[in-house]
Amino acid sequence: MRFYEYEAKAVLAKRGVPVARGGVAHSPDEAERIAREVGGEVVLKSQVLTGGRMKAGGVQFASTPEEARAHADAILRLEINGQSPRGVLVEAKSPVKKEFYAGVIYDAVAKLPVAIFSDMGGIDIEQVAEEHPEHVARAHFSTFQPFQEFRMKELVASLGVSGNELGALTRVMSKLAQTFLAHGLTLAEINPLAQLEDGSFIALDSHLDMEDEARDGQAALLAELGIGKEETRQARPPTPFEIRGAEVDASDHRGVAGRVVEFDGNLGCVIGAGGGSLTIFDALRKHGGRPANYCEIGGNPSVKKACGLTKLILSKPGVEKICVIMNVVSNTRVDIVARGVIKGVVESGYDPAEKIAIFRIPGSWEDEGFKILEKYGVDYCDRTVPMSEAARRAVEKVKAGA
Amino acid sequence: MSILIDEDTTFIIQGITGREAVNMARECLDYGSKLVGGVTPGRGGRDVHGVPVFDTVKEITSKQRVDASVISVPPAFVRDAAFEAVENGIKLVVIVTERIPRLEVAQLIEFARRHGARVIGPNCLGVLSPGKSRVGGMGGAAVAARRAYQPGPIGIMSRSGGMTTEIANALTAAGLGQSTAVSIGGDAIVGSAYAELLPLFEADPDTKAIVVYSEPGGPMEAQLAKYVKERGTRLPIVAFMAGRFMDEMPGMRFGHAGTIVEGKADTTSEKIARLLDAGISVAEEIADIPGIVKQRLGEVKG
Amino acid sequence: MATHEGSGMFIRVEVGEPLASDAESAKRLAGICPVDIFAAAPEGVGIVDENLDECILCGLCLAVGPAGAVRIIKLYDNNAPLEA
């Protein structure tokens, strides 16, 4: 979950990282009031969860409160990469002398957090790392307290920083790293980290990401920022179909039958589990199929849950048939999934023999499952038929319209 | 031979009285694994399918050798369970639980590393060495596991537990048995990545080739390619890459927690290029894997 | 007799007398079934129709009474009864 810039700055400020004076406005009136309070020149920044704000016209400067009001009016109406802004951040314009970069992420190879520092701020760090590797330094640090500030000192000093700047930058890096640890973040970035004309440092822009797994433990912070449980902030907002899929999955605790992602196709997919779904989805597309959805079933879902998922998928306009494919299952039961899917098809008013293009789930309780499939005349196959071949047969059937 | 576990491996299950763990205990016993005890705080003195349950790990390790522990407790309790296992001298910790905060995963791995212990998972199904032992639930019921997994020369490393069995099944059907199959876990950070397990397989004279199941997201495939390119390996490696459709869908998480395309390096096309460049074969389909393995084994012999 | 038998789409359950009217047996059945097909009532065994198709064929209920007292019938398999 990505935080808006104004939220990220609130988190940083609370932990002692200096930020510019100002606040977030939701109307031109409010922007004018904040600009007046701040005094002098201000910068107005659209609050969207996407890059490219400057280019799109989402960042403007104003010398007077009246000008700030006019810019805020325009920015609040401006969509950037399909997103309407959450608000407009109004901040004192800072006289910048030099820009740095400060970031913290996890390094999955070292299995530790890594702090990244650069004396070339304001541009994408990946680009700096590629074009000017000598201007990027990295330092891993322990996940256990107490925090070892000297590691951040070594990091900053490794790029030749000394004097007063070394102490100031070490403190900012340390605070950023500790914010990362304290709040279950997976990315904490200050870019640019600006040195002002007077020598002090402030966070001019910031990007913080919190993983979903950390949200329960960070309830207090999220409440403080006004971020509710329903606000998922995925790459794109969930569709009504996907929300109903999540409801099916949450309807009882037994297994998984949901995690639905909507696509624009005619072949409904009842597929699983994590890795199996990816493999089957690729196979369907490779054979020219047009999946109507991605989903995951696994962990031995109940009949009710498999039934609910099937009904949901069949309710989607344009779905002609469904395919039911999984890898060789261990704890999920073939007969239970077969019951759920057939029940879902029948309760939707269709004939399972006609609506289910192929059923390929081998594994535990398959003998019992195959009896059920035979009774309803469903075309099924066992473990001797590869997943991809099952996918191909399903695609052919939909194409033939039979 | 095998890696990580063998017929003498003794292990416990932390959280043994949970719904899934009770089942796993039964399946491990049926497979012939040496499951010597379980731990659930407050349930000491009971038994699960004849396996004694204790309140603490220490009660078991103080009396007998314990080589491994399978952790199957709710996410909030995993880190401490891992600390408890490692502090009590257990050197192999297999974590089944998913949805553990990444910081806690990093902490327990860092702690295990300082104590010379190895972590497999989180979010994995464990380790299986056909005909010898199984530590975790991979393969399901013993009869099903025996059907999919047969002893032989192929090592498997997989980010998906379910697909580990699918691949083993394809290999078995083609007459290629397995030395050890490791479900390494689907999280962004796992205790043992491909490149860390490869040396163990290299040291196992009975392993003649490796099959790898991989996905978008994370640096694990690049790390393996780099390792093989720099150090070389006697083992032919055949990889399968799932989730090719995700290359067009940056920022969307599918399947496992670690499966997300955040940058170019996370895409399947980039990963496939790196694997191929290191001399690792990449199969288009699961069904193609046995043929490619046989071909690569033929080259080694020839 | 409606409380002592029930049919889903795949599974039919029958509980015969005198077990069906025995409150103690009803309690045991309700406690033992992992998918809550049985409910305990003062007048005997109740069947929860919406859970019938969740039956996992574990057979634990068959052992509650004498042989044949509880019958689990697989409607998809020519009405074959589940063997204890």
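Quick rundown of the values:
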{"read-out": "Residue list for region B:197-227, restricted to those being on the phi < 0 side of the Ramachandran plot, within 10 Å of chain A (Cβ to nearest Cβ) and surrounded by 24 or more Cβ atoms within 10 Å (Cβ to Cβ)", "value": "B:Tyr213, B:Ser214, B:Glu215, B:Pro216, B:Met220"}
{"read-out": "Selection from region B:197-238 of residues that are assigned to a loop (DSSP other than H, G, I, E, B) and of a type in the set (D, E, K, R)", "value": "B:Asp204, B:Asp206, B:Lys208, B:Glu215, B:Arg234"}
{"read-out": "In region A:223-248, residue farthest from B:Gly18 (Cα to Cα) [restricted to those that are touching a residue at least 12 places away in the same chain (Cβ under 8 Å) and within 14 Å of another protein chain (Cβ to nearest Cβ)]", "value": "A:Thr239"}
{"read-out": "Residues within region B:83-98 that are more than 17 Å from B:Ile16 (Cβ to Cβ) and over 17 Å from the mean Cα position of the chain (by Cα), tallied", "value": "4"}
{"read-out": "Check on B:Thr268, more than 13 Å from chain A (Cβ to nearest Cβ) and either in contact with a helix residue (DSSP H, G or I) (Cβ under 6 Å, 6 or more places away or on another chain) or within 22 Å of B:Gly162 (Cα to Cα) (or both)", "value": "no"}
{"read-out": "When residues of region C:1-53 are limited to those that are in a strand (DSSP E or B) and within 14 Å of chain A (Cβ to nearest Cβ), the one surrounded by the fewest Cβ atoms within 10 Å (Cβ to Cβ)", "value": "C:Ser7"}
{"read-out": "Odd one out for C:Asp77, checked against (1) away from chain A (no Cβ under 14 Å); (2) among the acidic types (Asp, Glu); (3) without any contact (Cβ under 8 Å) to a residue 12 or more places away in the chain", "value": "(1)"}
{"read-out": "Leading residue by the ranking (farthest from B:Arg296 (Cα to Cα)) among those in region B:231-259 that are touching a residue at least 40 places away in the same chain (Cβ under 8 Å) and within 9 Å of another protein chain (Cβ to nearest Cβ)", "value": "B:Ala257"}
{"read-out": "Matching helices (runs of 4 or more DSSP H) fully within region B:90-196 where at least 1 residues are within 12 Å of another protein chain (Cβ to nearest Cβ) and modelled with pLDDT under 95", "value": "B:142-148, B:161-173"}
{"read-out": "Residue check, B:Pro75 touching a Gly at 6+ places or on another chain (Cβ under 8 Å) and not hydrophobic (A, V, I, L, M, F, W, C)", "value": "no"}
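Residues are listed down the side, and each one gets a yes or a no for (1) more than 12 Å from chain B (Cβ to nearest Cβ); (2) surrounded by 15 or more Cβ atoms within 10 Å (Cβ to Cβ):
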| residue | (1), (2) |
| --- | --- |
| A:Glu126 | no, no |
| A:Val161 | yes, yes |
| A:Leu169 | yes, yes |
| A:Met173 | yes, yes |
| A:His183 | no, yes |
| A:Leu187 | no, yes |
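Residues are listed down the side, and each one gets a yes or a no for (1) closer than 16 Å to A:Cys381 by Cβ; (2) more than 14 Å from chain B (Cβ to nearest Cβ); (3) in a strand (DSSP E or B); (4) hydrophobic (A, V, I, L, M, F, W, C):
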residue: A:Gly318; (1), (2), (3), (4): no, yes, no, no
residue: A:Val324; (1), (2), (3), (4): yes, yes, yes, yes
residue: A:Thr332; (1), (2), (3), (4): no, no, no, no
residue: A:Val337; (1), (2), (3), (4): yes, no, no, yes
residue: A:Val341; (1), (2), (3), (4): yes, yes, no, yes
residue: A:Gly344; (1), (2), (3), (4): no, yes, no, no
residue: A:Gly349; (1), (2), (3), (4): no, yes, no, no
residue: A:Glu354; (1), (2), (3), (4): no, yes, no, no
residue: A:Ile358; (1), (2), (3), (4): yes, yes, yes, yes
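The values are calculated or read from the model by the stated rules, or taken from the named source; none is laboratory data. Keep in mind that what you see is a predicted model, and the values were worked out from it rather than measured. Note that we place each Cβ from the backbone using ideal geometry, even for glycine, and neighbour counts take in every protein chain shown.
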